[in-house]
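Here is the structure we will look at, set down as structure tokens.
Rule-based calculations on the coordinates, nothing more; no lab input. If you're wondering where the values come from, they're calculated on a predicted model, not measured in any experiment. Cβ placement follows ideal geometry from the backbone for every residue including glycine, while neighbour counts extend to all protein chains displayed.
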Amino acid sequence: MKVVILCGGFGTRLREETEYKPKPMVEIGDRPILWHIMKTYASYGFNEFVLCLGYKGDMIKDYFYHYKMRNNDFSIKLGSGDITIHDSVEENDWNIILANTGLSSMTGARIKRIEKYIDGDQFMVTYGDGVTDLDISKLLKFHEQHGKIGTVTGVYPPSRYGELRIEEDRVVSFDEKPETGVAPISGGYFVFNKEFFDYLKPDESCVLEKEPLSNLAGDGQLKVYNHKGFWQCMDTYRDNMFLNDLWKSNRAKWKVW
């Protein structure tokens, strides 16, 4: 099953870092937050990734192209250019498609544009800036049991983003960034059946969190998996500092590997 990660936004609220790099490459400890997200999925056996690139996407390509050299000791013969890697990284079984989905494309358009890479009946989607201790295997089991097209993970941080209005475990509406409300917010970590591509358009103005998810909810095809454990996005410099403090003090709850 492919895991699609949205990596193309401008990250304007984290300009201290994103002026020089894409937000998924902002580091927690000595690794990009993107690596932490991928490591979480891989710990549950999901190691087939599709990265939807946009703003400064070449930096993400460069990171993975030189991954072994960045993360291992190696020897090089300057005359011939022959390289010997001395260690073996744990991520040898990761298979990554790095797809350019447009500089200014919105989230829905980015997913639609990688449809050709999804060869299974189901796929996962998440944002490239949020970490969690979510049990991915339980999320997938929930999705497969309810039989609807989509599942979104509902989380409960103190701030508010996309609000889910639910009846039991069924999403009845999807409201982006409400001013008030007590419902869980959308934490990403979606699971979709392939039919969801019919709700998306390749036009760069297609926003996942607007018509596609609203229409899916309106059709009774979107369920919510409630996760009351740890979830934190890296939306601002303060979030970045908070996550780094957790990592340095060995309190990183998302470190499930």
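Give me the one-decimal nm value for the distance between modelled label points at K77 and K253, 7 Å along each residue's Cα-to-Cβ direction.
5.3 nm
Could you give the size of the charge dipole of the chain about its Cα centre, using +1 on the Cβ of each K and R and -1 on the Cβ of each D and E, expressed in debye and rounded to the nearest 20?
Taking the Cα centre of the chain as origin, the dipole is about 240 debye.
Which net charge results when you count Lys and Arg as +1 and Asp and Glu as -1 among the other residues whose beta-carbon is under 12 Å from that of K21?
In short, -3.
Run lengths n ≥ 4 of DSSP H only: what is the helix-derived mean residue ellipticity at 222 nm for the chain, with -39500 (n - 2.57) per run over all residues, to the nearest 500?
-7000 deg cm²/dmol
Which residue fluctuates the most in the chain, going by a Gaussian network model with Cα springs under 10 Å, if the choices are G128, G154, G79?
Result: G79 has the largest fluctuation of those listed.
Quick check on the chain: of the DSSP beta bridges with both residues there, what percent are antiparallel, nearest 5%?
Restricted to the chain, the bridges split so that about 50 percent are antiparallel.
Hey, can you grab everything whose amide H is under 5 Å from the amide H of I28? Only 5+ residues off in sequence or another chain; H modelled, so Pro and N-termini drop out.
For I28, whose amide H was placed from the backbone, the distant partners under 5 Å are I33.
Using +1 at the Cβ of each Lys and Arg and -1 at the Cβ of each Asp and Glu in the range 2-248, identify which of V224, P22, I37 lies farthest towards the dipole's positive end.
Towards the positive end, the residue furthest out is P22.
With charges only on Cβ, +1 for K and R and -1 for D and E, what is the dipole size of the range 56-179 about its Cα centre, in debye, rounded to 20?
440 debye
Net charge near D87, counting Lys/Arg +1 and Asp/Glu -1 over other residues with Cβ under 15 Å of its Cβ?
Net of charged neighbours comes to -1.
Counting Lys and Arg as +1 and Asp and Glu as -1, what is the net charge of the other residues whose Cβ lies under 14 Å from the Cβ of I97?
+2
Of K68/K138; K39/K77; K68/K141; K23/K253, which ones are farther than 28 Å apart at the Cα?
Over 28 Å apart, Cα to Cα: K68/K138; K39/K77; K68/K141.
Taking only Cα atoms of the chain, what ratio of Rg to Rh do you get with Rh as the Kirkwood inverse-distance radius?
Computed over Cα atoms, the ratio is 0.98.
Where in the chain is the longest stretch that carries no GluC sites (Glu not before Pro) classed as loop by DSSP and with at most 15 other Cβ atoms within 10 Å?
Answer - 20-167.
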